[in-house]
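K.L.:
Just dropping this structure here.
What follows draws every value from the coordinates through simple rules; no lab data is involved. Fair warning: this is a prediction, and the values are worked out from it, not measured in the lab. So basically every Cβ, Gly included, is an ideal-geometry build from the backbone, and we count neighbours across all protein chains shown.
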Amino acid sequence: MFSAADLPDTIPIFPLPGALLLPRARLPLHIFEPRYLAMLDDTLRTSHRLIGMIQPLEVSGRDGTRLHRIGCAGRLTGFSETTDGRYMITLSGVSRFRLASEENGFAPYEKWEVDWSGFSKDLGKAERDPGLVRDPFFVLLERYLEARQLSTDWGSLKDADDEMLINSLSMLCPFAAEDKQALLEAPSLPTRRETLVTLMEYALRGGGEGEFMQ
């Protein structure tokens with residue numbers, strides 16, 4: 001487990017629309033672009049093996065910003081190489097961060113100085129959600145998944161602890177990138193669950209990318 005003292009000042013940044021990583025969760029990724037293959041090679045040489053996942057902005061800001069300011073760093077914990085030189089990796093979420101300043105250099109990928117302050121809970125034990133009432137939550141989830149024509153392993157979901165349940169659904173449900181950012185920035189697990197419920201209810205009323213109703 002990481003402590004605040006273990007976190008580096010600078011990390012490589014991987015901007016990927018719609019890909020959400022949360023603390024203590026796992027994100028599988030398929031890497032094939034040459035610049036990100038170089039990023040992985042360099043990351044494997046570090047002691048921390050951290051990569052910062054972040055959402056690009058849909059529209060660049062007036063000040064020229066291209067990325068959301070908050071992302072989540074994951075430790076490279078799974079790695080395999082295919083015969084044609086691509087990588088299958090797994091990132092295990094460690095902590096959220098704020099972008100501070102981009103580091104100039106010769107690497108083909110971005111490196112940023114980051115600020116870890118304000119996210120100390122990410123380095124602690126799994127959160128609980130005392131306000132989670134599972135029966136109505138699962139009824140809503142079932143309606144949402146049926147409307148999206150998605151299936152799930154209900155046994156695993158119902159056995160999952162609060163954090164694994166809410167964070168896994170936040171990462172896996174096909175929400176828009178800006179909605180994923182809202183889930184990432186939620187200050188607590190109950191707030192993330194409330195955001196998740198709102199997004200599912202909104203989709204069922206006919207909003208969201210799919211424009212479906214039930």
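K.L.:
Give me the lysines in straight-line cross-link reach of Lys125: C-alpha distance below 27 Å, same-chain residues under 8 apart excluded.
P.N.:
Lys158, Lys180
K.L.:
Using a basic spin-label model with each label point 7 Å from the Cα along Cα→Cβ, how many nm lie between Asp153 and Ala107?
P.N.:
According to this spin-label approximation, the distance is 3.4 nm.
K.L.:
May I pose another question? Just the number, please: Stokes-Einstein D of the stretch 134-204 in µm²/s, Kirkwood Rh from C-alpha pairs, 10 °C, 1.306 mPa s.
P.N.:
Values: Rh = 12.3 Å.
Estimated via Stokes-Einstein, D reaches 129 µm²/s.
K.L.:
Would you kindly compute the Cα radius of gyration of the chain and its largest Cα-Cα separation (Dmax), both in Å?
P.N.:
Just the Cα atoms of the chain yield Rg and Dmax of 17.9, 53 Å.
K.L.:
Does anything in the stretch 1-36 have its amide N under 19 Å from the 7 Å Cα→Cβ label point of Met88, and if so which residues?
P.N.:
Residues 26-33 fall inside that zone.
K.L.:
Test of understanding: express the Cα radius of gyration of the stretch 4-121 as a ratio to 2.2 N^0.38 Å, with N the residue count. Working shown, then result.
P.N.:
Details: Rg = 13.8 Å, N = 118, 2.2 N^0.38 = 13.5 Å.
Here the answer is 1.02, to two decimals.
K.L.:
Report the chymotrypsin sites (Phe, Trp or Tyr not before Pro) located in the stretch 31-88 that are in a DSSP loop and have at most 10 other Cβ atoms inside 10 Å of their Cβ, or state none. Let's see the in-between values first.
P.N.:
Details: sites: Phe32, Tyr36, Phe79, Tyr87; in loops: Phe32.
Listed in order of number, the matching sites amount to none.
K.L.:
Using a Gaussian network model on the chain with a 10 Å cutoff between Cα atoms, which of Glu81, Glu113, Glu103 fluctuates the most?
P.N.:
Glu81
K.L.:
Okay, which of the stretch 1-34 sit inside 19 Å, backbone N to the point 7 Å along the Cα-Cβ direction of Ala160?
P.N.:
Zone members listed by number: 18-29.
K.L.:
Helix-derived [θ] at 222 nm for the chain: sum -39500 (n - 2.57) over DSSP H runs of at least 4, divide by residue count, nearest 500? The partial results should precede the final answer.
P.N.:
Working: 6 runs with 66 residues, N = 214.
Per the formula, -9500 deg cm²/dmol.
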